[in-house]
Amino acid sequence: MILYLKQTLMVYRKFMPSLALRPYIECFYLWQQPTPTAPLLVRSPPTGYAALVFNLGETYETGLETVHWDRTPRVFLTGQATQGYHLRVTNSLDIVGVVFRPTGLYHLLRQPMRGLTDRRVDASLVMGPRIMELWKQLGECPDVAHRMALLDQVLQQQLLTLPLAWDAVDGIVDEIISCHGLASMQHLLADCALSPRQFQRKFQAKVGVSAKFYCKLRRFGHICQYLIRQEVIDWQEVVWMGGYYDQSHFIKDFLAFMKENPTAYYHSPQEVANLLET
C-alpha cells in the first residue's frame, strides 16, 4: 500500500513481514516527506500496537497536548498509548518503522511492557549499541526494498532464535483483536488455564495495560477507523458498534481518549488518516 499526503510530497508505505515474523509483527512502514512550509500537526488515536522506529533523517516531536513537545530519539521503542497524541513535523522525514502485534515486542525484549506504556524510549538504552548499528545500516541501504529485507532478516535472527514464550495470553490477545474488543472477561477466561490473577499479571507484562483496558482500547481504535472513512455518520450505529449502552457513555470514553467530543474529532483535518489518500 502506498499513501500520499494531500497537497505535499509525503509518501507512506506499508510492507508485510515474512511469514515467520507475522505472529510477532503487524507490518513494516516507510514515511518520507520534505520539509513542510509550515509546521505540520498530525493527530493519532491510540492504535493498540507497539513500535520500533528509526529516524534516518531528521526527528519529529510528539505531545499529548499541543503545548509541550518532546523530540523523539533517533531510534525509539514505544508501547501502548492510553490516549491520543499529536505529532509536530518541522523538518524533512525519512522514517522506517516496525509495528509489533500487541505481545510481539515483549517476545523480542523479554521485558515487562509496562515500562514502555505512553513512552518513547531511546532504543539503545534497552537493546544496547547493536540497534544503532542497524540504524546506520538502514541509512546506507540503496533503496526501500533493501531496507525492508534487512529489517526482516535482523528481526528473524533475533526473534526466531529465542526460546518460545507463547501462552494463553497471546491467544486471548488475538481474540480481542478479531472481535474489536467486544468480549467480556468471563468469556476470555473461560478456556484459560491460568487463574484470573495469573492471567492479569501476565497480560500486563506482555501488553503493557490490563486486559479490560486493552479491550476498551481496541473498541475505541475500531470506532476511530470507522469514523474517518465515513462521509455520513449515524451516531447511534457508532454507539452500538462500540458496545455502549448509551451515547453519554460513548462520549465520556471518547473525551478520555482524545480530549474532544466525537463530532469535533470527525470534522477535524488533523487526523492522520484524513491527511492520507491512496
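The values are calculated or read from the model by the stated rules, or taken from the named source; none is laboratory data. All figures in this text were calculated on a predicted structure; none of them were measured in a lab. Cβ coordinates were reconstructed from backbone atoms using ideal geometry, including for glycine residues, and neighbour counts include every protein chain displayed.
Overview of results
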quantity: Subset of segment 73-95 that is in contact with a strand residue (DSSP E or B) (Cβ under 8 Å, 6 or more places away or on another chain), within 22 Å of C224 (Cβ to Cβ) and of a type in the set (S, T, Y) - its residue that is surrounded by the fewest Cβ atoms within 10 Å (Cβ to Cβ); calculated: Y85
quantity: Among the candidates R110, R147, R120, R114, residue that is in contact with a Cys (Cβ under 7 Å, 6 or more places away or on another chain), in contact (Cβ under 8 Å) with a residue 24 or more places away in the chain and not hydrophobic (A, V, I, L, M, F, W, C); calculated: R147
quantity: Condition broken by I223, with the remaining ones in (1) touching a Cys at 6+ places or on another chain (Cβ under 9 Å); (2) closer than 27 Å to P262 by Cα; (3) in a helix (DSSP H, G or I) satisfied; calculated: (1)
quantity: Residue in segment 162-182 that is surrounded by 14 or more Cβ atoms within 10 Å (Cβ to Cβ), small (G, A, S) and on the phi > 0 side of the Ramachandran plot present; calculated: yes
quantity: From V121, V98, residue being under 12 Å from the mean Cα position of the chain (by Cα) and either surrounded by fewer than 17 Cβ atoms within 10 Å (Cβ to Cβ) or not assigned by TED's automatic domain parsing to the domain that holds I228 (or both); calculated: V98
quantity: Which listed residue is in a loop (DSSP other than H, G, I, E, B) and in contact (Cβ under 8 Å) with a residue 40 or more places away in the chain, from Q158, Q83; calculated: Q83
quantity: Criterion (in contact with a helix residue (DSSP H, G or I) (Cβ under 9 Å, 6 or more places away or on another chain) and among the aliphatic types (A, V, I, L, M)) met by exactly one of L93, L108, L125, L64; calculated: L108
quantity: Some residue of segment 140-151 being of a type in the set (G, A, S), surrounded by fewer than 16 Cβ atoms within 10 Å (Cβ to Cβ) and either closer than 15 Å to A51 by Cβ or out of contact with any strand residue (DSSP E or B) (no Cβ under 7 Å at 6 or more places or on another chain) (or both); calculated: yes
quantity: Complete set of residues in segment 47-78 that are part of a loop (DSSP other than H, G, I, E, B) and among the β-branched types (V, I, T); calculated: T47, T59, T66, V67, T72
